[in-house]
Amino acid sequence: KVLDGLDAPALARYITSGKCKNITLMLGAGVSTSAGIPDFRSPETGLYANLARLNLPYPEAVFEINFFRRNPTPFYTLAQELYPGKFRPTITHSFIKLLATKSLLHICFTQNIDTLERRAGIPAHKIIEAHGSFATQRCIRCKVEFDDDSMKEHVLLGKVPKCETCGGYVKPDIVFFGEDLPSEFINGIPRLADSDLLIVLGTSLTVHPFASLAGIVEKDCPRVLINLERVGDFGSRSDDVIMLGKCDEVVRDLAKTLGWEEELQRAWEE
Ligand code: OAD
């Protein structure tokens, strides 16, 4: 065992011991719900429970590449609501930035497409946006890139942008079901072996290959789950720490235990 207990004080002792140099994070939609962005699978509030107005055959179709090829309108209706710009990073994002400031952040793997990691000031080279983001876009047919400003205009009006070269539909570089994950993700996998600690936050760990990262870290790498519910195989390893609750609250308590409470607050107010 690496940890001398499975609670917050034991975790804090390890983080500040000098032995824990590389902290890897895995993020999901639960870290951004307090910013006002719904997650996907929460029964009442999740996106998939609230898409009746889009007349989809099943909720996930809105993010399926084969469905998008035939009918991109539901995606663009949703994109209008989810488009980054109006959301502010959460205290949890600021905690990750603090880890980076303290040279403790190894990699921040995120499934989120809201770009709140960058906006919180986490260095870009530390972030792996495994499911892409709204930052760039291209034609799904000829792959030619599409202009940022024109894209923004279309999305904010809920209109479907079309390629100026071939007339194909334009899609943000978000990874849809049926598409490969970016090379940054694949290249990041071997680096998991250097992790001294893994913290998984706000994800149901249901979507692969992302979810499998949690099983790839070395057996002697302690794993922490911060989530509303138990997910994945957390609890199956002797150094698994499970901290159930809202990310922001758990992270604030952890920061307090670490003696970082004021720094965290300052980072968030910046
Ligand atoms: P999910 O909606 O599947 O899971 C969110 C998890 O966060 C659930 O376990 C919630 O209980 C938990 N949660 C919600 N709010 C929370 C809070 N404030 N504090 C702590 N936990 C909270 O979202 P993801 O796991 O991110 O992919 O979903 C994975 C992928 O499925 C997404 O990237 C997206 C989606 O389809 C694509 O679209 C390709």
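Structure values in brief
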quantity: Helices (runs of 4 or more DSSP H) fully within the range 1-102 counting 3 or more residues that are within 17 Å of Ile174 (Cα to Cα); calculated: 65-70, 73-82
quantity: Residue within the range 142-160 that is of a type outside the set (A, V, I, L, M, F, W, C) and open to solvent by less than 10 Å² (accessible area, probe 1.4 Å) present; calculated: no
quantity: Hits in the range 6-32 (condition: within 22 Å of Val231 (Cα to Cα) and of a type in the set (A, V, I, L, M)); calculated: Leu6, Ala8, Ala10, Leu11, Ile23, Leu25, Met26, Leu27, Ala29, Val31
quantity: Scope the range 104-135; condition part of a strand (DSSP E or B) and within 16 Å of the ligand (Cβ to nearest atom); matching residues; calculated: Cys108, Phe109, Thr110, Ile127, Ile128, Glu129, Gly132, Ser133, Phe134, Ala135
quantity: Cβ-Cβ under 7 Å pairs, at least 6 apart or on other chains, the range 171-199 side closer than 12 Å to Leu213 by Cα, far side open to solvent by 30 Å² or more (accessible area, probe 1.4 Å); calculated: Ile189/Ile216; Leu192/Ile216; Ala193/Glu218; Ser195/Asn22
quantity: Extreme residue, farthest from Thr77 (Cα to Cα), among residues of the range 161-182 that are among the acidic types (Asp, Glu) and surrounded by fewer than 17 Cβ atoms within 10 Å (Cβ to Cβ); calculated: Asp180
quantity: Residue pairs meeting the criteria (Cβ under 6 Å; at least 6 apart or on separate chains; first under 18 Å from Ile15 (Cα atoms) and without any contact (Cβ under 8 Å) to a residue 40 or more places away in the chain, in the range 211-231; second charged (D, E, K, R) and more than 12 Å from the ligand (Cβ to nearest atom)); calculated: Arg223/Asp240
quantity: Asp248 vs. criteria within 10 Å of the ligand (Cβ to nearest atom) and either of a type in the set (Asp, Glu) or at pLDDT below 95 (or both); calculated: yes
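The values are calculated or read from the model by the stated rules, or taken from the named source; none is laboratory data. A quick note: this is a predicted structure, and the numbers were derived from the prediction, not measured. So basically every Cβ, Gly included, is an ideal-geometry build from the backbone, and we count neighbours across all protein chains shown. Just so you know, the surface numbers come from the protein's heavy atoms only, side chains and all, with ligands and any DNA or RNA stripped out. Shrake-Rupley method; radii C 1.70, N 1.55, O 1.52, S 1.80 Å.
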